[in-house]
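What follows is a set of notes on a single structure, which appears directly below.
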Amino acid sequence: ALLFNEVKYVETLADLENIENVLKGKSNMVFAYVPATGTAEHRAVMEAAFVYGTIHQFVLTTEAALLKATSHDDPDVSSAWLSFCHCQQATEPAQPCRRTALAQPLTLLSIHRHLKLMGAPLVTEVAEDPEKISTVHLQLGLPLVFILSQKETYEADRRTAEFVAWQLLGKAGVALLFRDLVELNVLHRSNVALKTPDEGMPIQYLVLEDTDEVITLVEDKNKVKQIQEDEQEEEEDEDEKENNNQDIQDDQVVEAVSRDKKRELPLEQILVLTEENFHSSLSEAARTVVLFYASWEAVSLAVLRSYSEVAAHLKGTPGVLLSRVNCWDWPGLCSQENVTQFPTIRIYKEGQQPVTYGGMWGTEELSSFILLSQVSCPLKLATMDEAEGYLRGEFPSELSSHHHTSLLGVFSSATSEAREAFEEAGNILSGHVRMGMYFEDDALALSRKYSVSPPALLLARSGGRSVEGIALSKHSVQDMVQMIRYELLDIFPEITVPNLPQYLQLGKPFLILFSAGDISQVESREMLKLAKRRPQQAFVACWLNLKKTPVGYGILRTYFSTTPPLPVLLWVNLHAGGQVFKFPSEQSITEKNILSWLEKLQAGLEIPSSTLSEEDWKPPLPAYDFLQMMEPSVPELSPQPGDTPAQPKSPGGDPAGGDTATREEPAQESPAEEVGSPGRGLRGTAPRLAARDKQGKRHSEL
């Protein structure tokens, strides 16, 4: 009761923000969460408020929802939590208060220690021997980081020191050491020093590349020793360097899966299939989606994560059952289903051959494939009203939530050859394209409405607001598939990581606009006018949003060494010569200026800004042939009486054994078939059960 005014109690985020706004530019705030009042942590907060309440504003809550709203990650609501809010430095109303969380368990002593650290200067400037320096951080058992500076670089070094100090606030102190005024017997290139609170420990002088290494230096105590060992190493023999490279983790999928291996996936919506329930479960739903995977294989685990997100997205969708089979547990079942690649996704429907998924492994792509597989491809429409509803995206009802481009083939009775080719093309594109088909007596009236004659394609973009009629001149299945894929591409697409392969397969140069965000309406209009100069345009007009696809910064640095001013328009010919041309920055991006520039390119009057290397992009290290490593140790295994002798497995065989019939079954897949499959071949990822000692020291994580 005595501390009623010193400690404000809040229940909502709006209450907390109101207090912050009042304090901005005046004083700082201590925000604490306790699971319940009357606990030891609650008492510690109140006692700290009694001491520091005249200096800082204390705010308390017991609302778990408020704690989650103020945290970037998922906090443990069963534990107390305290954060120091630097509102005094927020001089503008729109400027947020920086927050520094207390990392230790909440006690009166830890609160006192935290507030003492928050009250210390952010950066201390020193001009004497670092051995004689003592700050509050060293007194409280924390290290002190020195940024070595000189007169010429003081401003930049000061900014660097402040940035590092904010990142290490509460973990270490930061000081700016003027090496011009202090005689230091260290390497001239040394730029960072670390002083620990341990008595008798010498100051470590290091050469670091960036601020991330400084932060890692404090957070990882083993880093100092590692950096020093790296600096003292002499040049090694080239062969030894090559051998050491084998320990590098060059597989980003394996690295990501290993990093998140403790994170549990929500797999409740996915039915687990075994040899006992596989066939009975397939008859329970109109369509059963089955993921065949191996629990030890990195790509399988990465796809399982996407698959769990698909299950959450499609929860409640009638007639669709999502399931999974762990081929490591049930190798006989996977062999029976002719699964030779992990992971593999198939859709089973009673009375039909299963459809195998061959697209990207992202959540959106998988969901789209499953939804589109619910209806026939092509879907035969019986009336004019159905055809019009199909173009508007209203029919069939199963696809009403699917907002992709609709494609409708219109045929008369005299165009049976084109109709048969269209049906076969639909079978090939099933699950990837929304295709309908209309061949009733009034098909001629429907096609004339869109200024074409049967056989024709009607493309409905943006929910039917724009319908384009295209005459079908070629009637072979392959030509029709190629034409459909081309026409479904966006006219002026935004290039992303998932859709880039579709446009690279066209084999055409890219006219690409790199932008730091959404492009302006003027630029979009001019580029769209240019892009509409098709059919079968000689180049791909597109754009890339660096905010959404930051890998674009790396692409620009490859072209120009540094990132040029944005937006920047480039002509990139990846398929012939690798030349990169930059549109003149002094000219405005208009259709007329771009066409004039392209004419100069074709005439050879422009000089390329850079030329890409013709070297193939290969993995940095050769793949391990695990089966070959196993073979030398096989003869040394003496089989026990009654055992089947172990045999080296063929590339298409079962890596882990299974029943005898499975082991003796010959491989059916050829290497060419393995390359075309969406999964990863078993030969490249089977676990190493026996290997030489030398290899046994490597790839321990895998």
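The values are calculated or read from the model by the stated rules, or taken from the named source; none is laboratory data. All of these numbers come straight from a predicted model, not from anything done at the bench. Backbone-built Cβ (ideal geometry, glycine too); neighbour counts: all protein chains shown. In case anyone asks, the SASA skips ligands and DNA or RNA and just uses the protein heavy atoms, side chains included. Shrake-Rupley method; radii C 1.70, N 1.55, O 1.52, S 1.80 Å.
Observations, loosely collected:
- 23 Å Cα-Cα threshold exceeded, pairs from Lys349/Lys380; Lys508/Lys547; Lys24/Lys547; Lys349/Lys474: Lys508/Lys547; Lys24/Lys547; Lys349/Lys474
- Heavy-atom accessible surface of the range 7-119: percent carbon and sulfur, 1.4 Å: 54 percent
- Anisotropy class of the range 490-615 from Cα gyration tensor, a/c 1.5 cut: rounded
- Simple spin-label estimate for Lys592 and Lys474 in nanometres, 7 Å along Cα-Cβ: 3.7 nm
- If only the Cβ of Lys and Arg carry +1 and only the Cβ of Asp and Glu carry -1, the dipole of the range 385-541 around its Cα centre is close to 720 debye.
- Sequence-separation-based contact order of the range 457-609, relative, with Cα cut under 8 Å and 6+ spacing, percent: 22 percent
- Carbon + sulfur, % of accessible area of the range 490-615 - ligands and nucleic acids excluded, 1.4 Å: 52 percent
- Contour minus Cα-Cα distance for Leu506 and Gln352 (0.36 nm per residue): 52.2 nm
- FRET efficiency, 1/(1 + (r/R0)^6) with R0 51 Å, evaluated for Asp198 and Gln269 via beta carbons: 0.45
- Working note: Karplus 6.51/-1.76/1.60 with θ = phi - 60° gives the range 413-419 the couplings 5, 8, 10, 5, 5, 5, 5 Hz, where Gly and Pro are set to x.
- Tensor-based shape of the range 7-119 (alpha-carbon gyration tensor, a/c under 1.5 rounded, otherwise prolate or oblate): oblate
- Of all accessible heavy-atom area on the range 269-372, the percent that carbon and sulfur account for (1.4 Å): 50 percent
- The range 7-119 - accessible surface per residue (Å², probe 1.4 Å): 53 Å²
- What the Cβ-Cβ distance of Arg557 and Ala94 gives, at R0 = 41 Å and to the nearest 0.05, is a FRET efficiency of 0.80.
- Relative contact order, whole percent, for the range 7-119 stands at 35, derived from Cα pairs under 8 Å and 6 or more residues apart.
- If R0 is taken as 45 Å, the Cβ-Cβ distance between Ser585 and Thr107 corresponds to a FRET efficiency of 0.15.
- By accessible area with a 1.4 Å probe, ligands and nucleic acids excluded, highest first: order of Arg434, Arg43, Arg465, Arg346: Arg465, Arg43, Arg346, Arg434
- Karplus (6.51, -1.76, 1.60) ³J(HN,Hα), θ = phi - 60°, over the range 447-457, in Hz, Gly and Pro reported as x: 5, 5, 4, 10, 6, 9, 10, x, x, 8, 10
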